[in-house]
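**Q** Have a look at this one before I ask anything.
Each reported figure results from applying straightforward, stated rules to the coordinates on display, with no laboratory input. It should be emphasised that the depicted structure is a prediction, and the values quoted were computed from it without experimental measurement. For neighbour counting, all protein chains shown are included, and Cβ atoms are generated from backbone atoms with ideal geometry for every residue, glycine included.
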Amino acid sequence: MNQEKIKLYFDRLGMPYSPDLTPTKELLFSLHFAHVTRVPFENMDILNRIPLDLEEDALFDKIVVRNRGGICFEVNCLFAHLLRKLGYTCIDYAARWIKGVTGNPMRRHRVFQAKLPTGEAYICDVGNGQRCPRYPVPFIPDVNHPQWGEVYNIALDDTLGYVMREYYKEAYGPIYSFTEEFQFDTDFIIPTYFCEHHPLSPVVDYSVISLKTDTGRKTIADHTFRIFDGDRVTETLLQDDKALYTCLDEVFGIRL
């Protein structure tokens, strides 16, 4: 990713770019927030049977050039590549998705650690279609991290390792877990294939689109469009595929 591409990536995120930028906490937080509010979680290529390509050039073309989003294995991969070019040290982790899962959770989520030159480490995830942090969460176990009216922490578990949790409805609930085993990009090919093809995949049967806002998020689940604004939810039924594609374009900037 050269300077021209980095500039285009910043344009995609609606942020000013200068070659003199240094890897600070403030820049990391700004980029993370811009990513989750401008690049949607979306599975339209999976529904249209277009194979996902995890190579950097292919991801850049899809997400930056063609103004698309993607699932976690796409957007977190490309975001980590950007941060490395900006001077951050990034380590990719294969996470077990726990939220809403009964039984044994599997590793079907991608997150990563971003470390500043000062040594401060943060867990980043811009590929999560549900309630999740808008800012990176400091990689410090058992400490609460409030942000945007929500609270997150990373708990330690003897079996699962580190567990990202959210405080919701007066209780902490797990989102995903991970261990510090380093992952190569190639390690994510199989779980990506699972998400594309397996009948138990949560993104294989119907459209799943999500984009964070300052106060909530905008989502499509199948043909239902919802706006979450604090505790208030408005819901609109998209009557047919034409209405779905219009919403994708006008609300999420996705043109297929």
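**Q** List nothing, just return the count: lysine pairs in the chain, 8 or more apart or interchain, with Cα separation under 20 Å.
**A** Total qualifying Lys-Lys pairs in the chain comes to 15.
**Q** Once you place label points 7 Å from the Cα toward the Cβ at residue 104 and residue 213, how far apart are they in nm?
**A** Taking the simple label geometry, residue 104 and residue 213 are separated by 4.1 nm.
**Q** Using a simple charge model, +1 on the beta-carbon of Lys and Arg, -1 on the beta-carbon of Asp and Glu, nothing else, what dipole does the chain show about its Cα centre, in debye to the nearest 20?
**A** Taking the Cα centre of the chain as origin, the dipole is about 320 debye.
**Q** On a full-extension model of 0.36 nm per residue, what is the gain between residue 168 and residue 140, subtracting their alpha-carbon distance, rounded to one decimal in nm?
**A** Taking residue 168 through residue 140 to full extension adds about 8.1 nm, to one decimal.
**Q** Still on this structure, please answer the following. Starting from a Cα-only point model with no solvent, please compute log10 I(q)/I(0) by Debye for the range 3-199 at q = 0.08, 0.12 1/Å.
**A** -0.25, -0.58
**Q** 7 Å from Cα along Cα→Cβ at both residue 222 and residue 181: what's the point-to-point distance in nm?
**A** A separation of 3.6 nm, rounded to one decimal place.
**Q** Specify the inter-centroid distance of the range 91-129 and the range 1-68, based on alpha-carbon positions, in whole Å.
**A** Their Cα centres are 18 Å away from one another.
**Q** Could you work out how far apart the two model spin labels at residue 251 and residue 151 are, taking each label as a point 7 Å from the Cα in the direction of the beta carbon, and quote it in nm?
**A** Simple spin-label model gives 3.1 nm for this pair.
**Q** Net charge around residue 228, counting only other residues with Cβ within less than 11 Å of its Cβ (Lys, Arg = +1; Asp, Glu = -1)?
**A** +3
**Q** At a Förster radius of 51 Å, what calculated FRET efficiency corresponds to the Cβ-Cβ distance of residue 239 and residue 4, to the nearest 0.05?
**A** 0.75
**Q** Here is a follow-up. Do you know the relative contact order of the range 3-199, to the nearest whole percent, from alpha carbon pairs under 8 angstrom that are 6+ apart?
**A** Computed value for the range 3-199: 18 percent relative contact order.
**Q** Still on this model: Using DSSP to define loop residues, name the chymotrypsin sites (Phe, Trp or Tyr not before Pro) in the range 121-193 whose beta-carbon has at most 14 other beta-carbon atoms within 10 Å.
**A** 148, 182, 184
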